[in-house]
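Bear in mind that the values in this text are calculations on the coordinates, not laboratory data. No experiment lies behind these values; they were computed from the predicted model shown. For neighbour counting, all protein chains shown are included, and Cβ atoms are generated from backbone atoms with ideal geometry for every residue, glycine included.
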Amino acid sequence: MEMSEDILIQYIKGELPADEMDHVSYQLRQNEELFHQYIQLKDIWDYTGLTTDVHKYDVKREWKRLPIRSAGRTSFMKLAGVAGVAAAMVIAFFVGQLVETDSDSNSLVSGAHVFTAPEGQISELTLSDGSNVVLNAGSSLTIPSNFGKQNRDVQLSGEAHFNVTKNPDLIFKVKSGQQYVSVLGTIFNIRAYPGETKIITTLEEGIVRWESNGRHITLKPDMQVVYDLENQDVEQISVDAGRIGQWSVGRYVFENAPFIDIIDVIEKWYDVEIDWQQTDFEGEHYNGVIKKSASLNETLELIAAMTPVRYEVKGQQISIRRMR
């Protein structure tokens with residue numbers, strides 16, 4: 001099966017037969033050049049509101065028009081023997097900023113270490129068992145000193161995308177707020193920021209067990225559990241898990257999203273505070289994509305192109321007002 005641009009476009013639109021969709025997915029994982037071509041097409045598709053006919057675009061010309069810069073992503077590679085870091089939790093230090101602190105008495109285990117992605121950065125780390133974790137801005141992961149030996153328990157505050165290495169002898173368990181997620185090896189996303197009223201767990205591949213206060217749910221791919229902390233309700237819904245996890249590669253894709261979701265992403269990814277009037281945008285929903293590689297001004301211009309607003313930037317303070 002020759003991988004033409006037309007086939008990639010059909011793949012993006014989900015129009016190929018199931019066996020061909022699987023074949024393209026396999027080829028994308030094996031061929032880095034093909035994967036970059038796919039990302040180019042996907043970005044054009046997302047930037048044009050998820051509805052425009054990609055065939056009308058010259059890929060090379062449109063790709064050059066997209067705001068591409070450094071990804072703003074912190075990458076941690078495996079590094080053994082780092083002072084103060086137990087060998088059981090091998091991680092890496094890189095370009096960018098990593099905040100490491102000792103745990104307090106409220107953490108999983110005394111002597112654990114806490115790794116934090118600073119505001120405005122996406123940070124990636126690899127644990128000693130080979131599992132990969134991407135932390136969203138303002139998120140932290142607590143790892144006990146005996147990780148990988150007696151357990152594979154971690155504690156999350158914020159949002160993280162997990163790709164867990166299989167180990168049938170040691171369950172990988174994530175504590176976030178009042179919930180636990182247990183897996184043997186799989187790919188999933190958890191959003192559990194302090195101050196937010198919901199904890200959202202989304203499964204991409206494999207099977208995970210969700211539990212909280214005596215309740216148990218087994219998730220299958222493209223399932224999401226939304227745990228409402230205020231009324232203790234638990235909702236199960238079907239989603240496109242791959243789209244939800246796009247933030248981990250520097251792309252937030254919005255489909256029918258309220259304006260507050262867009263504000264939240266901008267504040268976290270650019271480490272800014274936005275003054276806006278929620279009542280001005282009630283009942284409105286948006287489609288599109290925000291890229292971490294875009295500058296703050298480019299992202300604000302994108303917002304202004306979607307809806308009539310004026311904005312003002314003063315350092316880390318931004319004012320957005322609806323134009324009448």
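If we count every other residue with Cβ under 12 angstrom of residue 322's Cβ, Lys/Arg +1 and Asp/Glu -1, where does the sum land? Working shown, then result.
Numbers: positive: 310, 321, 324; negative: 280, 282, 284.
After counting each charged neighbour, the total is 0.
At a 10 Å Cβ-Cβ cut-off, how would you order 113, 161, fewest neighbours first? Can you show the working numbers first?
Numbers: 113 20, 161 24.
Ranked by crowding around the Cβ, least crowded first: 113, 161.
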The answer for the net charge of residues other than residue 274 whose Cβ lies under 12 angstrom from its Cβ, with Lys and Arg +1 and Asp and Glu -1, is -3
Out-of-range pairs (alpha-carbon distance over 23 Å; input 149/268; 149/220; 173/198; 42/292; 268/314):
149/268; 149/220
For the residue pair residue 35 and residue 280, what label-to-label distance in nm results when each label sits 7 Å from Cα along the Cα-to-beta-carbon direction?
4.1 nm
Treating only the Cβ atoms of Lys and Arg (+1) and Asp and Glu (-1) as charged, compute the dipole magnitude of the range 193-324 about its Cα centre; round to the nearest 20 debye.
300 debye
Residue 4 to residue 205: extension gain in nm, 0.36 nm per residue of separation minus the Cα-Cα distance?
69.7 nm
Karplus-derived 3J(HN,Hα), 6.51/-1.76/1.60, for each residue of the range 274-287, Hz, glycine and proline x:
10, 9, 8, 9, 4, 5, 6, 10, 5, x, 9, 9, 9, 10
Hey, what do the phi angles of the range 259-273 turn into as Karplus ³J(HN,Hα) couplings, whole Hz, using 6.51/-1.76/1.60 and θ = phi - 60°, x for Gly and Pro?
4, 4, 5, 5, 4, 4, 5, 4, 4, 6, 6, 10, 6, 10, 10
Toy charge model, Lys and Arg Cβ at +1, Asp and Glu Cβ at -1: the range 251-322 dipole around Cα centroid in debye, rounded to 20, equals 240 debye
Vicinal HN-Hα couplings computed from phi for the range 180-193 (Karplus, 6.51 cos²θ - 1.76 cosθ + 1.60; Hz; Gly/Pro x)
10, 10, 10, 9, 9, x, 5, 10, 7, 10, 10, 10, 8, 6
Residues whose built amide H sits under 5 Å from the amide H of residue 251, excluding neighbours closer than 5 in sequence, are 292
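By average Cβ neighbour count within 10 Å, what is the ranking of 221-228, 309-316 from highest down?
Working: 221-228: 18.4, 309-316: 12.0.
Descending mean neighbour count gives 221-228, 309-316.
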